[in-house]
Amino acid sequence: MIVVRALGPVDVSVNGAPAPARLLWKKNLALLIYLARSPKRVRTREHLIGLLWGEKPEEKARHSLNEALHVLRLSAGDDGFESDTAQVRIAPGTVDLDTDTLEALAAAGDYARAAALINGDFLEGFSVRGASEFDNWLAAERQQWCRRSVEVLVHRAGQLLTAGNVAAAHDMVEHARELDWRPETAVRTALRTLALAGDRAGALALFDEFVARLQRELGAEPDAETSALAQRVRLERTWRLPKAVREAARASGSRRTPLVGRALELERLTDAWSACRARRRATVAVIEGDAGAGPKSSRLGPGSMARSYPPCARSRPTTTRYGAAYSGSRAADCSRPPGSPGLRRTRSRSCAARCQPLRPGAPLPRCYGQWRTSNRWSSSWMTRTGSTGSRCSRLGRSSATWSTRP
């Protein structure tokens, strides 16, 4: 069998051994790959002569085609190529082309193995002098397989993000963008990987560079979905690991805390979160485990913790939009948990905090409503600081993992 790897610099082997030198002659190799990519792997002799030997007189061109077929039969066997006075056909099982393998794997959803086949452009660096028709065909094939390769790599990056492997997803989408910088599906995936890795500045720089290049080279603007995603990244405040920890994580090949032995559970959580966002439907995820397997020991990582945690709070000095300065605890239902990329700022209707100022010196009223976290009832409460005003916040003791972070 002749095995051809065409997604990148061409590589040919015959029955597991390196291909003979004569098979690698450019027109012989071009004939082999063109026939393998043809519908039903069959072409007329006249068509093949015009494709590769159109500059020659007819008699010499027919002789060159016969010589090339003789070289192909030496590698594939006499039964590998069937020909008559009108047509040339590749027999089934004679040539294994990686583009066919990629399509089969992608159709089966095995994007990991499909992505591993992609090493560059179709027949990268390959051309045939004096065969303009073949070069035209090759240019069209390169465009087709570049587009398909990007689709496969972006699908694989999405699978890796779902499994929590942000670093590998980033590398995969960068590979896609090296093939073609224009597809916005790859740009959006790159923005997500950088945001989830905590590199919001890098995500915004990538978007700005893409917009500038799009305007400069194509005179176009990014579509609404890409612009909206960039705006969400721009407005978010994401939790960042200390610099030393981030550098150590990059050196170890991981950009998030690993979830050892729980990849399936994390995938189910992220699938539920994606469905919740896509369908705009409320979703409750219950995480249960034995004693000692609580949130601080489960190590789901900041993004996953924020998606599955009940409301939480942090303490920070700030100034209200009404101009009254205050400090104290601010509830997640009035803003957003720290380190939770992808979550919008929301204000719960049930939140006792209405951000209404209290008169200086007025007694602190008891907030209405009670709510439950961690199997305990906690009363909503007010905090007041100084004479400039007070704000009501609802506080839940969800976990010291969040509430003790500055």
Hits in region 132-160 - residues which are of a type in the set (Asp, Glu) and within 22 Å of LEU35 (Cβ to Cβ): GLU133, ASP135, GLU141
Among the residues listed as ALA197, ALA115, ALA163, the single one being touching a helix residue (DSSP H, G or I) at 6+ places or on another chain (Cβ under 6 Å), over 30 Å from LEU51 (Cβ atoms), among the small types (Gly, Ala, Ser) and modelled with pLDDT of 95 or more: ALA115
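So is VAL88 farther than 28 Å from ILE118 by Cβ, of a type in the set (A, V, I, L, M) and either touching a residue at least 24 places away in the same chain (Cβ under 8 Å) or touching a Leu at 6+ places or on another chain (Cβ under 8 Å) (or both) or not? I'd like the intermediate steps shown before the answer.
Numbers: farther than 28 Å from ILE118 by Cβ: yes; of a type in the set (A, V, I, L, M): yes; either touching a residue at least 24 places away in the same chain (Cβ under 8 Å) or touching a Leu at 6+ places or on another chain (Cβ under 8 Å) (or both): yes.
Considered against the rule, which asks whether it is farther than 28 Å from ILE118 by Cβ, of a type in the set (A, V, I, L, M) and either touching a residue at least 24 places away in the same chain (Cβ under 8 Å) or touching a Leu at 6+ places or on another chain (Cβ under 8 Å) (or both), VAL88 comes out as yes.
For every residue, the table says whether it meets (1) in contact with a Pro (Cβ under 8 Å, 6 or more places away or on another chain); (2) in the same structural domain as GLU184 (by TED's automatic domain parsing); (3) within 14 Å of GLY8 (Cβ to Cβ).
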residue	(1), (2), (3)
ASP100	no, no, no
ALA107	no, no, no
ALA116	no, no, yes
GLU124	yes, no, yes
Residue ID - farthest from GLN231 (Cα to Cα), chosen from residues in region 200-214 that are of a type outside the set (Gly, Ala, Ser) and crowded, with 21+ Cβ neighbours inside 10 Å: PHE210
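What strands (runs of 3 or more DSSP E), lying completely within region 1-103, carry at least 3 residues that are of a type in the set (Gly, Ala, Ser) and either over 43 Å from the mean Cα position of the chain (by Cα) or crowded, with 20+ Cβ neighbours inside 10 Å (or both)?
Where strands (runs of 3 or more DSSP E) fall fully within region 1-103, none carries at least 3 residues being of a type in the set (Gly, Ala, Ser) and either over 43 Å from the mean Cα position of the chain (by Cα) or crowded, with 20+ Cβ neighbours inside 10 Å (or both).
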Region 181-199 - residue that is of a type outside the set (Val, Ile, Thr) and either free of Cβ contacts under 8 Å to residues at least 12 places away in the same chain or surrounded by fewer than 19 Cβ atoms within 10 Å (Cβ to Cβ) (or both) and, of those, farthest from CYS146 (Cα to Cα): ASP199
Residue satisfying condition, being surrounded by fewer than 16 Cβ atoms within 10 Å (Cβ to Cβ), assigned to a helix (DSSP H, G or I), acidic (Asp, Glu) and over 17 Å from the mean Cα position of the chain (by Cα), within set GLU217, GLU178: GLU217
Residues of region 110-167 satisfying the condition of being among the small types (Gly, Ala, Ser), in a loop (DSSP other than H, G, I, E, B) and surrounded by 20 or more Cβ atoms within 10 Å (Cβ to Cβ): ALA131, GLY164
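The values are calculated or read from the model by the stated rules, or taken from the named source; none is laboratory data. Computed from a predicted model, the values in this text were never measured in an experiment. No Cβ is skipped: glycine too gets one built from the backbone with ideal geometry, and neighbour counts run over all protein chains shown.
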